[in-house]
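K.L.:
I am attaching a structure below and will ask some questions about it afterwards.
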Amino acid sequence: MNHRTRPVLAVVVPCYNEEAVLPETIRRIRQQLDRLSGQGSIAPNSYMLFVDDGSADSTWPIIAAYHERDAAVRGLKLACNVGHQHALLSGLMHAKDDADCVISIDADLQDDVEAFGDFVEAYRQGSDIVYGVRAARKEDTPFKRGTAVLFYRLMRRMGTPVIHNHADYRLMSAKALEQLACYRESNLFLRGLIPQLGLPSSIVTYDRHARFAGESKYPLRKMISFAWNGITSLSVAPIRLVMAAGLTVFAAGMLAGAYALYSHGRGAAVPGWTSMMLTAWLLGGIQLISLGIVGEYVGKVYKETKRRPPYFIEATAGASQAEFHRQR
Ligand code: UDP
Ligand code: MG
């Protein structure tokens, strides 16, 4: 049978301390799988794969218990918390071995599972990547909305094509996942990488809801670090900015120097303690910032060269064992 017409769909869900929403999430995804396989849009052996990202609550026991009752609920337990992006990647890399296409979605039901049908339809029409784009962000705070707009704009300015209002709710074909697997970077920013695969893609819009239960695992501190990581791991624009600032300061310095010499020649030099202090401070500041930015890149190079494995799998529930054994 042609895989495009009746694909095996895997739904990958990274979970960090999500005991409060998990039963409802499983129920709703199960409903969608039943609906779509009933319509003949996906294969009956489609499944969901929950990645427990080192949760401290009963996330894993819940996954394991559901797996006992329903083989379509599979689980992957990471040995410790590695963060959303790497947890998601581990699930995607797992699912690519036996699924034709994979939808990634957060556990908190903020993204509308009703959109699954549109995702699969776009895949069946030939898209290798289908981006879920939020039609409205009514439920996010004005602060989160404002910073998000700024972030997308900044990313585009810095030369990284990101899809506006698209987070990590998307469908990827097995082919797209094979290509993604070739990227071996440890500073992972999936939504910046995936458009660079250059595969046929399309967009599905949906309404984003409030978290069903539990609280955000992305406090401001993590959001800032995520955005900063997104910029520095995909773009060299900050280095160029420093370079431009350096050149500007240098040019201004030349002019000021010429003026000082000229004043000195005329015997009109003012005892410039204030200006000296200002210059020293300004230059000191610029140098420190530059050092910080350069250091950020050096740090990233350092991390990449170590080629650390991004995660270790501690246990599986019905998930393919291939990668698990490769790690041994
Ligand atoms: N998550 C994860 N590891 C982490 C933090 C979050 O796997 O270290 C998961 C979390 O369980 C959720 C998704 O990533 O399924 C997105 O997190 P959250 O909804 O808290 O972020 P927000 O929507 O508030 O940005
Ligand atoms: Mg959320």
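What follows draws every value from the coordinates through simple rules; no lab data is involved. Bear in mind the structure is a predicted one, so any value in this text is a computation, not a measurement. Virtual Cβ from ideal backbone geometry, glycine too; neighbours counted across all protein chains shown.
K.L.:
Specify the residue with the greatest mean-square fluctuation among Thr160, Thr279, Thr59, computed from a Gaussian network of the chain linking alpha-carbon atoms under 10 Å apart.
P.N.:
Thr279
K.L.:
Taking every pair of Cα atoms in segment 3-128, average 1/r, invert it to obtain the Kirkwood radius, and report Rg/Rh to two decimals.
P.N.:
A ratio of 0.95.
K.L.:
Let me ask you something else. Taking the Cα centre as origin and putting +1 on Lys and Arg beta-carbons and -1 on Asp and Glu beta-carbons, what dipole magnitude results for the chain, to the nearest 20 debye?
P.N.:
1100 debye
K.L.:
Then there is this: Taking the Cα centre of segment 88-207 as the origin, how large is its charge dipole in debye, to the nearest 20, when only Lys and Arg (+1) and Asp and Glu (-1) carry charge on their Cβ atoms?
P.N.:
Result for segment 88-207 is approximately 760 debye, rounded to the nearest 20.
K.L.:
I want to verify a result. In a Gaussian network model of the chain, Cα cutoff 10 Å, which of these has the top mean-square fluctuation: Gly284, Gly214, Gly295?
P.N.:
Gly284
K.L.:
So if I restrict to the alpha-carbon atoms in segment 128-235, what is the Rg, and what is Dmax, the biggest pairwise distance, in Å?
P.N.:
14.3, 38
K.L.:
Any idea what angle helix 22-39 forms with the longest principal axis of the chain, computed on alpha-carbon atoms, 0 to 90 degrees, nearest 10?
P.N.:
Relative to the chain, helix 22-39 is tipped by roughly 60 degrees.
K.L.:
Scanning the chain for GluC sites (Glu not before Pro) in DSSP loops with at most 15 other Cβ atoms within 10 Å, what's the longest stretch left with none?
P.N.:
1-138
K.L.:
As I understand it, the dipole of the chain uses +1 on the Cβ of Lys and Arg and -1 on the Cβ of Asp and Glu, about the Cα centre. Which of Ala260, Leu36, Thr305 lies farthest toward its positive end?
P.N.:
About the Cα centre, the residue reaching furthest to the positive side is Ala260.
K.L.:
Can I ask one more? Rounded, prolate or oblate: which fits segment 236-306 when a ≥ b ≥ c are the square roots of the eigenvalues of the alpha-carbon gyration tensor, with rounded for a/c under 1.5 and prolate only if a/b beats b/c?
P.N.:
Because a/c hits 1.5 or more and a/b exceeds b/c, segment 236-306 counts as prolate.
K.L.:
Can you list the trypsin sites (Lys or Arg not before Pro) in segment 151-196 that are in a DSSP coil and have 15 or fewer other beta carbons within 10 angstrom?
P.N.:
Arg184
K.L.:
Next question. Over the Cα atoms of the chain, Rg to Rh with Kirkwood Rh, two decimal places?
P.N.:
The Rg/Rh ratio comes out at 1.12.
K.L.:
Then there is this: Using Cα pairs closer than 8 Å and at least 6 residues apart in sequence, work out the relative contact order for the chain, in percent.
P.N.:
23 percent
K.L.:
Can you tell me which of Ser90, Ser216, Ser41 moves the most in a GNM of the chain? Springs connect C-alpha atoms under 10 Å apart.
P.N.:
Ser216
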